[in-house]
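Have a look at the structure below, then the notes.
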Amino acid sequence: MKKFKKVLVLSASAGAGHVMAANALVKAFNAADAAQEIFHLDTLQYTTKAFRNLYSKAYIEMANNAPEVLGWLYDAMDKPWKNEKRMRALERLNVGLFMRLLKRHQPDLVVNTHFLPADIISYLRKKEKLTCKQAVVITDFDIHAMWLNRSVEQYFVACEEARVYLNKLGVPHEHIATTGIPVDAVFSQQKNKQEMRKKYGLQPDTTTILISAGGFGVGNMVNMIESLADMEHPVQVLAMCGRNEELFQNVQERSKQKNDSKVTFHAVGFTTNMDEYMSASDIMIGKPGGLTTSEALAKGLAMVIVNPIPGQEERNSDYLLENGIAVKCNNLPTLAYKIDSLLSNPTRLQSMRNAALANSHPDAAQRIVQQLLHSML
């Protein structure tokens, strides 16, 4: 079987999603034995400290403290094919180490899960410093102008509307594939809901809600838990706290309180078994990041979107709402009401879960690898 000699999968740690998508692709390449050598590199680790802060820390700081400014910047920069030279000149000034790394590796294929490395590779190809082909995997359901690049052989997009949009912007249809956003292959495995609940100490027949802490501060998560405590339906809540020890302790204390609430809370620290916790759940509350959303879709979860960050999260939210997968809660005091309303209408809730599965692509990483083997060799 033909295979690539050397593949670089390039991400950027501006949020966890780009890195997670890259990891899923590396696993898919290895499972298919599609490359003699494959490496995953975080582009930002080969830039200056100031540049890393601009791309990652500044974004998080703005998302938490000035989301309206972030939304304004997102929309202001969403002008297809505009300001390309100015942005790429700024990037090249700060990524000399990364450029030297690429020239040393000389891959025959680069797969990008972030727009930054694609621009640098295009520049190096134009200067005849690299001869590799490159693909771009877009990790949201909508396409921002920053993803656009005239020197890309293949785009992979999350949904059909994104494919149509790229084509209308001038990208040939044969250079676009609708595959979904790549998630770890473990999310394609069917796991029994009741068995997963028993495994993690949950009641096997009680509605289970998973709260993802991604993107939320301690205060917001605690406020969500306080609101859920007012629910009229009996539910059990999995509060996914990650490595946030303060949040974990807060939820632990809340779970020990004796009261008349019909809700039980379970604090979960950092875990590599998110697929099993999602398998145990019926509903997910959280922000609609591209990767987390794609994982939830693969597990057939109805979604409750809470205060999406202006920009790509709002656009992801639009996709989920339009396709009947989610409801949106902009005011935390009404969170219990929102979910009680869903649970009072089991037909609607089941329809949302069915819509999630219908729009899922748990095999996206495998499909991307097979398309690359077909079109790039």
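Numerical summary
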{"item": "Residue-wise HN-Hα coupling along the range 277-293, computed from phi with Karplus coefficients 6.51, -1.76, 1.60 (Hz; x: Gly, Pro)", "result": "5, 5, 4, 7, 9, 10, 9, 10, 9, x, 8, x, x, x, 6, 4, 4"}
{"item": "The range 186-358, dipole about Cα centre (Lys/Arg Cβ +1, Asp/Glu Cβ -1), debye to the nearest 20", "result": "340 debye"}
{"item": "Helix axis angle, 312-322 relative to the chain longest principal axis, alpha carbon, degrees", "result": "60 degrees"}
{"item": "Angle in degrees between helix 96-105 and the longest Cα principal axis of the chain, rounded to the nearest 10", "result": "70 degrees"}
{"item": "Residues Asp260, Asp78, Asp275, Asp42 arranged by fewest to most Cβ contacts within 10 Å", "result": "Asp260, Asp78, Asp42, Asp275"}
{"item": "Cα Rg, Dmax (largest Cα-Cα span) when computed across the range 1-158, Å", "result": "15.6, 52"}
{"item": "Count, lysine Cα pairs under 13 Å in the range 186-358, 8 or more residues apart or across chains", "result": "5"}
{"item": "Share of alpha-carbon pairs per 10 Å distance bin for the range 1-81, given as whole %", "result": "16, 32, 30, 17, 5, 0"}
{"item": "Cα long-axis angle, helix 218-228 against the chain (0 to 90 degrees, to the nearest 10)", "result": "40 degrees"}
{"item": "Three-way shape call for the chain based on the alpha-carbon gyration tensor, with the a/c threshold at 1.5", "result": "prolate"}
{"item": "Lysines whose Cα lies under 29 Å from that of Lys5, excluding same-chain neighbours fewer than 8 positions away", "result": "Lys27, Lys103, Lys126, Lys127, Lys129, Lys133"}
{"item": "Overall form of the range 186-358 per C-alpha gyration tensor (a/c, 1.5; a/b vs b/c)", "result": "rounded"}
{"item": "Charge dipole (debye, nearest 20) of the chain; +1 at Cβ of Lys and Arg, -1 at Cβ of Asp and Glu", "result": "1500 debye"}
{"item": "FRET E, pair Glu195, Asn64, Förster distance 41 Å, beta-carbon r, rounded to 0.05", "result": "0.60"}
{"item": "Residue order, fewest to most beta carbons within 10 Å, for Ser375, Ser13, Ser317", "result": "Ser375, Ser13, Ser317"}
{"item": "Zone residues, the range 335-351, relative to Thr264, backbone N less than 12 Å from point 7 Å out along Cα-to-Cβ", "result": "none"}
{"item": "Exposure proxy ranking, count of Cβ atoms within 10 Å, fewest first, for Ser11, Ser188, Ser341", "result": "Ser341, Ser188, Ser11"}
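A short reminder: the numbers here are calculations on the coordinates, not readings from a lab. Since the model is a prediction, treat every value here as computed from it, not as a measurement. So basically every Cβ, Gly included, is an ideal-geometry build from the backbone, and we count neighbours across all protein chains shown.
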